[in-house]
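What follows is a single structure, written as structure tokens, with notes after it.
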Amino acid sequence: MTGLLDKRKFYIDGAWVDPARANDLEVIDPSTEEAVAVIALGDQADTDRAVAAAKAAFASWSRSEPSERLAHVEKILEIYNRRAEDMAWAISHEMGAPQDMSLNDQVAAGTWHIANFIAAFRDFRFIRPLGDHAPGSMIAWEPVGVVGLITPWNWPMNQVTLKVIPAILAGDTCVLKPSEIAPLSSMLFAEIVDEAGLPPGVFNLVNGDGPGVGTQLSTHRDVDMISFTGSTRAGIAITKAAADTLKKVALELGGKGANIVFADADDKAVVRGARHCFYNSGQSCNAPTRMLVERSVYDRAVETAARVAGETQVATAHQPGRHIGPVVSRRQWERIQDLIQTGIDEGARLVAGGPGLPEGVNRGYFVRPTVFADVSNDMTIAQQEIFGPVLSIIPFETEEEAIAIANDTPYGLTNYVQSQDGARRNRVARRLRSGMVEMNGASRGAGSAFGGVKMSGRAREGGVMGLEEFMDSKAISGWATD
């Protein structure tokens, strides 16, 4: 590629249009620190135009046959899979996911979610009886209306498909504001939607930042719902901004997952946990960044985690391999460096990695895979979401202590349990305050909803619950049954 990609257009009402005024922003490749594209940031006129298009399209789209909406999504999936390599290129260059990981994990996450929504939607019942005790009482599921979708940079297509697909299946119309840091994949997604022939106004895209287009969508009187994934700080601001118009607000926010490793855990539990922490350069809200280890196996676990960190290769996103890439931006890199130094200053024992660039690297936002031992749960690195490849290891003596430490966090997204004792795993899982619990390396099943509690937000994304998130329920009595 030579020169900057010119992406200074928005997708509104079924067409690529120029912004209301010039307000350009460069998209930086985190592997090279060089600009890869230039986009336009929208203003109030652009947001108003997109919302108006969505509002005008809602009347007919909300009444369309479910089979018609399903056919459009099936077409989107077909084109999405055909353009998988283009999508992988965009994600690698905008947020730094390595070439293989971008195609096999980042892009594949979108395929997975679209396919799961298709399966869930085929069996979805928009009108359901309340129960045998109340003949003629029905529950109807209706589209919310115009929805504003605000997505992050760390898993671009994962989050776009978790929002756009259920919204349009539900009968909603939408305006997507992707992260201004990583907008290229979403603009490609708009090309896919356009090729699939979705009616004008059903899907719209306006690039912008949080204080601009994000706030404009959150406060807009013609937007009926906001679905946001990102930081807890931004989620709180969106909730406050949306309050005056009483929007429905769905938030999927940060996490500080605890990975409880009991003495009887399988031999690969610590390796699995450390690799999961470093995966995507630590830029996952469900990363198991606190490893709680039973005291009798603690020293061995620390040695193993340090070895995994040392073996984890860090390299450019533009080459194949199982390495991790850079973090997304200089601002993010500097924040991670500050938190690593804070861990050292507060007395945690650094056993791998540490501040600075990896050896032999002189440009790019690369972070050394870092492991701290002897962490106490009141330390900054145990309480704040770092969003980098940094693991904190904390010892515990008893099951009760492990549960108490795991729950001692403002977040509640995903926790993990490693034990060969099935009864204990089940018991601990029920007591952990989080929206998800994964045990012994088992992933969530297809259609299982993703979401948390406490300051991780309370959205439920994926499967049937993810469809219902973009609908309102209506109680109808006196329904004719003959």
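The values are calculated or read from the model by the stated rules, or taken from the named source; none is laboratory data. Since the structure is predicted, the reported quantities are computational estimates derived from the model, not experimental observations. Note that we place each Cβ from the backbone using ideal geometry, even for glycine, and neighbour counts take in every protein chain shown. To get the accessible areas, we keep the full protein, side chains included, count just its heavy atoms, and leave off ligands, DNA and RNA. Shrake-Rupley method; radii C 1.70, N 1.55, O 1.52, S 1.80 Å.
Each helix, a run of at least 4 DSSP H residues, gives -39500 (n - 2.57); summed and divided by the residues of the chain, these come to -11500 deg cm²/dmol at 222 nm.
Averaged per residue, the chain has 40 square angstrom of accessible surface, using a 1.4 angstrom probe with ligands and nucleic acids left out. Subtracting the Cα-Cα distance of residue 245 and residue 376 from their residue separation scaled by 0.36 nm leaves 42.9 nm. Averaged over residues, the count of other Cβ atoms within 10 Å places the peptides 15-26, 185-196, 301-312, 333-344 in the sequence 185-196, 301-312, 333-344, 15-26, highest first. Entry for the range 341-390 at q = 0.17, 0.24, 0.30 Å⁻¹: log10 I(q)/I(0) = -0.51, -0.91, -1.23, Debye formula applied to identical alpha-carbon scatterers, no solvent contribution. If you model the range 422-482 as an ellipsoid using its alpha carbon gyration tensor, with each semi-axis the square root of five times an eigenvalue, the axes come out at 32, 15, 13 Å, biggest first. Would you work out which of 417, 466, 432 lies farthest towards the positive end of the dipole of the range 366-472? Charges go on Cβ: Lys and Arg +1, Asp and Glu -1. The listed residue farthest towards the positive side: 466.
How large is the dipole of the chain about the Cα centre if only Lys and Arg carry +1 and Asp and Glu carry -1, each at its Cβ, rounded to the nearest 20 debye? The partial results should precede the final answer.
Values: 47 positive and 60 negative charges, 131 e Å.
With only Lys, Arg, Asp and Glu charged at Cβ, the dipole is about 620 debye.
Amide H contacts of residue 13: 201, each under 5 Å away and 5 or more positions distant or on a separate chain (H built 1.01 Å from N in the peptide plane; Pro and chain starts excluded).
When you count, for each residue, the other Cβ atoms within 10 Å and take the mean per peptide, how do 462-468, 283-289, 376-382 rank with the highest first? Before the final figure, lay out each step's value.
Working: 462-468: 21.4, 283-289: 25.1, 376-382: 17.4.
Going from most to least packed, we get 283-289, 462-468, 376-382.
Separation of the range 337-393 and the range 225-239, taken as the distance between their Cα centroids, equals 27 angstrom.
Comparing Cα centroids, the range 147-220 and the range 86-138 end up 15 angstrom apart.
Report, in debye and to the nearest 20, how large the dipole of the range 174-260 comes out about its Cα centre when Lys and Arg carry +1 and Asp and Glu carry -1 on their Cβ. If you can, show how the numbers build up before the last one.
Numbers: 7 positive and 9 negative charges, 102 e Å.
Value, rounded to 20: 480 debye.
The per residue volume of the convex hull around the alpha-carbon atoms of the range 336-482 is 197 Å³. Since only 318, 71, 19 are under comparison, the one whose Cα sits farthest along the positive direction of the charge dipole of the chain, derived from C-beta charges on Lys, Arg, Asp and Glu, is 71. In the chain, the DSSP beta bridges split such that about 35 percent are antiparallel, to the nearest 5.
The value for the range 265-404 of Rg(Cα) / (2.2 N^0.38 Å) is 1.01.
Let me spell out the model: positive unit charges on the Cβ of Lys and Arg, negative unit charges on the Cβ of Asp and Glu, origin at the Cα centre of the range 17-130. What dipole size does that give, in debye rounded to 20? List each step's numbers first, then the result.
Values: 11 positive and 19 negative charges, 215 e Å.
Charge dipole of the range 17-130: 1040 debye, to the nearest 20.
Calculated translational diffusion coefficient of the range 251-321 (4 °C, 1.567 mPa s; Stokes-Einstein with Kirkwood radius over alpha-carbon pairs) equals 98 µm²/s. A Förster radius of 41 Å, combined with the Cβ-Cβ distance separating residue 191 from residue 127, puts the computed FRET efficiency at roughly 0.70. Treating r as the C-beta distance of residue 420 and residue 38 and R0 as 51 Å, the FRET efficiency rounds to 0.40. The portion of the accessible surface of the range 32-99 made up by carbon and sulfur, rounded to a whole percent, is 50 (1.4 Å probe; DNA, RNA and ligands excluded).
Against the empirical curve 2.2 N^0.38 Å, the C-alpha radius of gyration of the chain lands at a ratio of 0.99.
Annotation: average projected area of the range 313-362 is 4.2 square nanometres, based on the convex hull of Cα atoms across all directions. A straight line joining the Cα centroids of the range 446-482 and the range 1-78 runs 27 Å. Treating each Cα of the range 195-337 as one equal point scatterer and applying the Debye formula with no solvent, the log10 of I(q)/I(0) at q = 0.09, 0.12 Å⁻¹ comes out as -0.47, -0.74. Taking only the alpha carbons of the range 211-288, we obtain Rg and Dmax values of 18.2, 56 Å in that order.
I want to verify the translational diffusion coefficient of the range 17-113 in µm²/s; compute it with Stokes-Einstein, Rh as the Kirkwood radius over Cα pairs, at 10 °C and 1.306 mPa s. Don't jump to the answer; show the numbers that get you there.
Details: Rh = 16.4 Å.
Reported coefficient: 97 µm²/s.
Positive end of the dipole of the range 209-333, charges at C-beta (+1 Lys, Arg; -1 Asp, Glu), about the Cα centre: which of 262, 228, 308 has its Cα farthest in that direction? My answer, from the dipole projection, is 228.
Provide 128, 221 ordered by accessible surface of protein heavy atoms (probe 1.4 Å), highest first. Provide the component values of the computation, followed by the final result.
Values: 128 60, 221 185 Å².
Of 128, 221, the descending order of accessible area is 221, 128.
Return the carbon/sulfur percentage of the accessible area of the range 261-323, one whole number, probe 1.4 Å, all protein chains in place.
Working: 1280 of 2750 Å².
That fraction is 47 percent.
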